[in-house]
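Here's the structure, in structure tokens; my notes come after.
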Amino acid sequence: MDSSSLTWLVVYSLVACSGIMVLVWLWAHRIKNAGVVDIFWSYNFPVIALILLLLAPGFELRKLLICGMVIIAGSRLGTYILIRTTSHIHEEEGRYQQLRKDWGPNPDRVFFWFFQAQALSNVLLAIPFFIVCLNTSSTISPLEYAGVALWLISVLGESVADAQLKKFKSDPANKGKVCSQGLWNYSRHPNYFFQWLMWMAYFVFALASPYGYLAIISPAIILYLLLRVTGIPLTEEQSIRSRGDAFRKYQKTTSAFIPWFKKR
């Protein structure tokens, strides 16, 4: 692995993501809606992918495959969150309202560093992309094809879960109710599950490259965040606040993460 190329690619990516998050923080401060950080957390991965596509020394076809996957997935998720957030642009998501309360009299200052931490996480999670885009071998491995296949499944699953939730929430009759339709009948967070599966796909793809085993760091971090930090815990706390006993009943019968059959 070319350590000099890796260093500069990481520096370029970090500067780009940090700069974007400064602008996003200014926007969030102006509209009093920190939820916009989620939009650009997703969009920052395509930014990193474009940097790698243009500057990394790896085999062009391999770079096109991994960067194309990242650009498509990051743009889809970012745009979905953009539409969801801007449709309620003056209504900050519940979990960010709670953070505002928890962080005391000057939460915007803390949010600045929170946004910068998101930029740092973008670069850290991009480890599989750096590894793959430094691989100069001209042979595409079966592992890389397997990674693409797993990625297709994950993108389709996440897209379907997002579409089902959007359709449910768009019906005024469902206000205050719990979505348990489609994939949401088998998992309380199918969107999170398929998002994690996507990072597993990047890991499988990276295994064909030198030091590819290091790419396990990314799905491991994503899994920890989803299960223990900003994903399921905060989302479910907000769901209990807004839906009460209906969501508690849903918790008792439905798998939290991996889609599975209902519990009796």
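The values are calculated or read from the model by the stated rules, or taken from the named source; none is laboratory data. For clarity, every value in this text was computed on a predicted model and none was experimentally measured. Here the Cβ positions follow ideal geometry from the backbone for every residue, glycine too, while neighbour counts run over all protein chains shown.
Couple of notes before you dig in:
- Residues that are at pLDDT below 85 number at least 3 in the following helices (runs of 4 or more DSSP H) confined to segment 75-133: 94-102.
- When residues of segment 178-199 are limited to those that are touching a Phe, Trp or Tyr at 6+ places or on another chain (Cβ under 9 Å) and among the hydrophobic types (A, V, I, L, M, F, W, C), the one nearest to Tyr250 (Cα to Cα): Val178
- Checklist (1) touching a residue at least 60 places away in the same chain (Cβ under 8 Å); (2) touching a helix residue (DSSP H, G or I) at 6+ places or on another chain (Cβ under 9 Å) applied to Asn185, failing item: (2)
- Residue in segment 169-178 that is in contact (Cβ under 8 Å) with a residue 12 or more places away in the chain and surrounded by fewer than 18 Cβ atoms within 10 Å (Cβ to Cβ) present: yes
- Selected residue [more than 12 Å from Gly35 (Cα to Cα), basic (Lys, Arg) and outside the structural domain of Leu150 (by TED's automatic domain parsing)] from Arg76, Arg95, Arg84, Arg100: Arg76
- Qualifying positions in segment 177-215 - closer than 30 Å to Ala246 by Cβ, among the aromatic types (Phe, Trp, Tyr) and in a helix (DSSP H, G or I): Trp184, Tyr192, Phe193, Phe194, Trp196
- Boolean, Leu52 is part of a helix (DSSP H, G or I), touching a Leu at 6+ places or on another chain (Cβ under 8 Å) and closer than 29 Å to Leu150 by Cα: yes
- Scope segment 1-19; condition crowded, with 19+ Cβ neighbours inside 10 Å and within 19 Å of the chain's Cα centre (by Cα); matching residues: Ser13, Cys17
- Search result, residues across segment 141-168 that are aliphatic (A, V, I, L, M), within 15 Å of Met69 (Cβ to Cβ) and either surrounded by fewer than 19 Cβ atoms within 10 Å (Cβ to Cβ) or not assigned by TED's automatic domain parsing to the domain that holds Gln251 (or both): Leu143, Ala146, Val148, Ala149, Leu150, Leu152, Ile153, Leu156
- Output for segment 163-182, where each listed residue is farther than 17 Å from Thr235 by Cβ and in contact with a helix residue (DSSP H, G or I) (Cβ under 7 Å, 6 or more places away or on another chain): Asn174, Gln181, Gly182
- Count of residues meeting criterion [under 16 Å from Ser242 (Cβ atoms) and of a type in the set (S, T, N, Q)] in segment 157-176: 1
- When segment 216-264 is filtered for residues that are of a type in the set (Val, Ile, Thr), closer than 18 Å to Ser42 by Cα and part of a loop (DSSP other than H, G, I, E, B), the ones remaining, listed by number, are Val229, Thr230.
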